[in-house]
1. Across segment 97-109, in residue order, what do the Karplus-derived ³J(HN,Hα) couplings come to in whole Hz, using 6.51 cos²θ - 1.76 cosθ + 1.60 with θ = phi - 60° and x for Gly and Pro?
2. Per DSSP helix of 4 or more residues, -39500 (n - 2.57); summed, then divided by the residues of the chain. What does that give at 222 nm, rounded to the nearest 500?
3. Enumerate the calculated ³J(HN,Hα) couplings along segment 168-174 in order (Karplus 6.51 cos²θ - 1.76 cosθ + 1.60, θ = phi - 60°), each rounded to whole Hz, writing x wherever the residue is Gly or Pro.
4. Would you mind classifying segment 1-82 by shape? Square roots of the alpha carbon gyration tensor eigenvalues, ordered a ≥ b ≥ c; an a/c under 1.5 is rounded, otherwise it is prolate if a/b is larger than b/c and oblate if not.
5. Work out, step by step, the length gained on full extension between K153 and E123: first 0.36 nm times the residue separation, then minus their alpha carbon distance; give nm to one decimal.
6. When ranked by the protection proxy of mean other Cβ atoms within 10 Å per residue, highest first, what sequence do the peptides 129-135, 213-219 form?
7. Please tell me which of these pairs span more than 22 angstrom C-alpha to C-alpha: K38/K69; K27/K88; K38/K59; K34/K118; K69/K99; K8/K67?
8. Search the structure for amide H atoms under 5 Å from the amide H of L24, placed 1.01 Å from N in the peptide plane, and list their residues when 5 or more places away or on another chain.
Amino acid sequence: MEDCVGFKVLPVKVNENSKAIRHLFLKMHTTREKCAQKPEYQTLFVIGVPEFCNQKTMKHAFRRCGKVKSVYFHNEPTPIEPEVLPSKYFISKSIKGFKVAYVVFAHTSGLENALSLKCTESEPFMLSTQSAPITNIVQRWCENYNEIIVDEKELQSEIDTYMSEYDKTSAARIQTEKDTVDNEDEDGWKTVSKKGRNPGFARKEVIKNNIMKNEAKKKIKKTLKNFYRFQIKETKINQLMELRNKFDNDKSKIELLKQSRKFKPF
């Protein structure tokens, strides 16, 4: 295999009848943040995996290098742990287009064999095997369509189990809040919850602004305006001055419009 910016370039073909040659980029998975599911000296980091390659295909393709424990796919390189999908129906969106794969071998020898594969353009690496053949696009469309069809009973049972677990956890949380409220600890502190005789409000920006506006209105009502005679006189004079200034500004605007007018009949 050739080297390219620290990666081993592996030429691959879908099967023997295929004429197109693709390229996978391989290297050992090494990161600062350690992940238990992706051990450093047993994980092969693969870039440029086509969309039609699934976990079964990658497992059987790299089985010739050694026993493959697991395969994980991601949109981009990431050190985080792979997402465990507890549900069959409520899952995140599938990865579209080319993806990144982490092939975890059972032993370090599997990783060494994968990095030392001797494949060339004339003798490329075959992805499709007899145990895990890659189907054509029409068959994949049919498989995807069949996967979309939902079993109503199975879905309903999954929803019921989820809701029952949620009800149990919420009931346990409410009970712990009831047990801890108004109970003093060793230092004399009491735990205050949002539920009670006077429940609190949600700490949101909109609610905060509304409270501040109401407080400002209350302050305006409390302040006395024009209580003395001289204050009334001053406010009247100021209003007359404002009206006079406005009249002068409007007059000047009208003069400017007259001067800028092109059609002058008089």
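1. For segment 97-109, the Karplus curve yields x, 5, 9, 10, 10, 10, 9, 9, 8, 6, 9, 5, 5 Hz.
2. Calculated mean residue ellipticity at 222 nm is -13500 deg cm²/dmol.
3. Along segment 168-174, the couplings run 5, 5, 5, 5, 5, 5, 5 Hz.
4. prolate
5. Details: separation 30, 0.36 × 30 = 10.80 nm, distance 4.98 nm.
The K153-E123 span can extend by a further 5.8 nm.
6. Ranked by mean Cβ neighbours within 10 Å, highest first: 129-135, 213-219.
7. Numbers: K38/K69 10 Å; K27/K88 32 Å; K38/K59 15 Å; K34/K118 30 Å; K69/K99 19 Å; K8/K67 20 Å.
Listed pairs above 22 Å: K27/K88; K34/K118.
8. L10, V12
The values are calculated or read from the model by the stated rules, or taken from the named source; none is laboratory data. Small disclaimer: the values here were computed from a predicted structure and weren't measured. Cβ: placed from backbone, ideal geometry, glycine included. Neighbour counts: every protein chain shown. Note: accessible area is taken over every heavy atom of the protein model, side chains too, but ligands, DNA and RNA are not part of it. Shrake-Rupley method; radii C 1.70, N 1.55, O 1.52, S 1.80 Å.
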